[in-house]
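Notes follow the structure.
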Amino acid sequence: MPSELSVTVIVLNWNGSELLKDCLNSLEKVEYDHFNILVVDNGSTDDSVEYVTSTFLNVDILELDNNLGFAAGNNAGFKYTLLKNNPDIVVFLNNDTIVDPKFLDELINKFENPSIGMSTAKIFYADEPNRIWFNGADVNLAIGRISHRNIRELDSANTITYETTDYATGCCLAIKSDLFSEMDGFDEKFPMYAEDVDLSIRVNQSGREIAMASKAHIWHKVSSSMGGEFSLKKMKRKLGGLFRIYNKHATLVQWMLVILFSPYLVLTYFIKYFRLRFFTR
């Protein structure tokens, strides 16, 4: 039964002691019976390690000497917990999140279907708890589209409930441990963005589906480590990640289509960016 599956929640952290307070406090209230928490500290220079060890006595911590980035840091955490706890499922969770007490039950219940390899949560903005950040996502390399569904929309009774998603966001991603090992983890060549898209594509290519656990609710302090949702640093890394996705997964036809329509795609991208940056809320 899904409720009997053992789970490790891996929280990657870099200089985020202030963020860890809300995240770990919310995880301590989670009602799932068979789970443990591992904080992977990515070479922090603040008091993150001391804070966790002195405040959250039931939380395990792995200290890395340097900031290895998202992919390598999470891979190191997975290898550590696989040897120590050997969980059935691992959940990769951002340190800038607050979770609902039942989020693990909802994520893990999806694995009752043997065709499911990963599951992910419905995620809201922390500063506007009813505004959607992630309700599943679409990937269409033929038109250069990798996007969140319903992003920045207010949740309502009319909001579509999706059963599956093209990719699971790395903000909250649950995956079977044996599948993550089979996939050789996150690709460490990615520059902090699109590792989750790449992993999801590979999981789909292996014949597994990615479930959207719409009742697993999380609130996200968006892009806290990158200077905000619309920071130039974030946009640069996202473009680098997108290029690597195409370099790794796109067919010749998809490359040709994207190159052909690139002026239109670039124009619409910047229109969307400036509209969201300066004219929303």
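The values are calculated or read from the model by the stated rules, or taken from the named source; none is laboratory data. All values derive from a computational prediction rather than experimental measurement. When we count neighbours, we look across all protein chains shown, and the Cβ atoms used for this are built from the backbone with ideal geometry, even at glycine. Areas reflect the complete protein model, heavy atoms only, side chains present, ligands, DNA and RNA absent. Shrake-Rupley method; radii C 1.70, N 1.55, O 1.52, S 1.80 Å.
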### Message
So, A168, is that one of a type in the set (A, V, I, L, M), part of a loop (DSSP other than H, G, I, E, B), within 22 Å of L82 (Cα to Cα) and under 15 Å from the mean Cα position of the chain (by Cα) or not?
### Response
yes
### Summary
W133 passes all but one of the listed conditions (1) among the hydrophobic types (A, V, I, L, M, F, W, C); (2) assigned to a loop (DSSP other than H, G, I, E, B); (3) under 14 Å from the mean Cα position of the chain (by Cα); the exception is number (2)
### Message
What's the number of the only condition in (1) part of a loop (DSSP other than H, G, I, E, B); (2) surrounded by 14 or more Cβ atoms within 10 Å (Cβ to Cβ); (3) of a type outside the set (A, V, I, L, M, F, W, C) that N58 fails to meet?
### Response
(2)
### Criterion violated by D178 - all others in (1) outside any loop (DSSP other than H, G, I, E, B); (2) open to solvent by 50 Å² or more (accessible area, probe 1.4 Å); (3) over 27 Å from F35 (Cα atoms); (4) of a type in the set (D, E, K, R) satisfied
(3)
## Note on the structure
Selection from segment 114-141 of residues of a type outside the set (D, E), closer than 19 Å to I245 by Cβ and open to solvent by 30 Å² or more (accessible area, probe 1.4 Å) yields V139, N140
#### Entry: So L107, is it among the aliphatic types (A, V, I, L, M) and either surrounded by fewer than 19 Cβ atoms within 10 Å (Cβ to Cβ) or part of a strand (DSSP E or B) (or both)
no
### Query
For Y125, which of the numbered conditions (1) in contact (Cβ under 8 Å) with a residue 24 or more places away in the chain; (2) under 15 Å from V9 (Cα atoms) fails to hold?
(2)
